[in-house]
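Below you'll find the structure, written out as structure tokens, and then a few comments.
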């Protein structure tokens, strides 16, 4: 797995700004422990897709494709970012068994990020709130009604 992550991070310049895969690049660098590169790739792979005045997420980065029309909102990139943050960075792995076992690795986040917050996720019909901080050995799911 590590060689696959290294492969894509080393070639990120080819993918950053493209639809879909770009949103995952920052996650790959974080998993490798390169927090600075992770932050850069989240900016290149998602941040540059967002335009004002309505914070619309485009299909591709205008800085990479300046001659293309701006196509958006593109929910594929939004879904890619959500998946990267909720699953990729946190190590959340939906499996059979107790939800307390779903976080399967140490939490690695981009430089300057201390935590990933999600107000509520539904787990087997119950609201839960993920608690995930950089460097935590594992994330936790707490009762989502306690907010």
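The values are calculated or read from the model by the stated rules, or taken from the named source; none is laboratory data. Note that the structure is predicted; figures quoted are calculated from it, not measured. Cβ coordinates were reconstructed from backbone atoms using ideal geometry, including for glycine residues, and neighbour counts include every protein chain displayed.
Being at pLDDT 90 or above, within 21 Å of residue 24 (Cα to Cα) and not in a loop (DSSP other than H, G, I, E, B) narrows it down to one residue among 86, 141, 109; which is it?
Values: 141 fails: within 21 Å of residue 24 (Cα to Cα); 109 fails: not in a loop (DSSP other than H, G, I, E, B).
86 is the lone residue from the list that is at pLDDT 90 or above, within 21 Å of residue 24 (Cα to Cα) and not in a loop (DSSP other than H, G, I, E, B).
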- Item | Among (1) under 21 Å from residue 17 (Cα atoms); (2) modelled with pLDDT under 85; (3) surrounded by fewer than 16 Cβ atoms within 10 Å (Cβ to Cβ) - the single one residue 119 does not satisfy | (1)
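Residues checked against (1) surrounded by 13 or more Cβ atoms within 10 Å (Cβ to Cβ); (2) assigned by TED's automatic domain parsing to the domain that holds residue 136; (3) free of Cβ contacts under 8 Å to residues at least 24 places away in the same chain:
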site	(1), (2), (3)
11	no, no, yes
44	yes, no, no
51	yes, no, yes
74	yes, no, no
81	yes, no, no
- Does residue 36 count as in a loop (DSSP other than H, G, I, E, B), surrounded by fewer than 18 Cβ atoms within 10 Å (Cβ to Cβ) and touching a residue at least 24 places away in the same chain (Cβ under 8 Å)? no
- Residue under evaluation residue 97, criteria (1) at positive phi; (2) at pLDDT 90 or above, criterion not met: (2)
